[in-house]
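In what follows, a single structure is set out as structure tokens and then discussed.
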Amino acid sequence: MGAILAGKVTGITKFGAFVTVAPGKSGLVHISEIASSYVNDVREHLAEGQDVMVKVIGVDQSGRMNLSIKSAVPAARGEPPRAPQVKQTAAASEPSFEDKLKRFMQDSDNKMSGLKQYSDRKGARRRGR
């Protein structure tokens, strides 16, 4: 454990990425171990076939390796961990929290209105019998 190895991304899932570090040896980089910042989609940070540096952070009873990219990067360069850098292109195109909240409230109001209309019609049919 603690070894820093070069590897290649061989598969991507919604919960992480599989990295081969040697022939016949591979491990999982969980989505929480990809970057220091929040990772919503693994494909925004990694691609199949990409070369990466990983740190072995654990080996389970079955011999499967748990790997970390975020722990390997600063250690591989001999630098102390830094605060994550925000991608300017992603931040500029992403709606603000207020915009997301406004959209959520509109969607919620629309759904509640539809449910109320449905229950009103259903209740009117029962009363008419």
Within the stretch 1-68, strands (runs of 3 or more DSSP E) holding 1 or more residues that are among the hydrophobic types (A, V, I, L, M, F, W, C) and free of Cβ contacts under 8 Å to residues at least 24 places away in the same chain:
16-22
If we scan the stretch 47-70, do we find a residue that is among the aliphatic types (A, V, I, L, M), within 17 Å of the chain's Cα centre (by Cα) and at pLDDT below 85?
no
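The values are calculated or read from the model by the stated rules, or taken from the named source; none is laboratory data. None of the values given here were measured: they were computed from a predicted structure. Don't worry about glycine lacking a Cβ; one is built from the backbone with ideal geometry, like all the others, and counts go over all protein chains shown.
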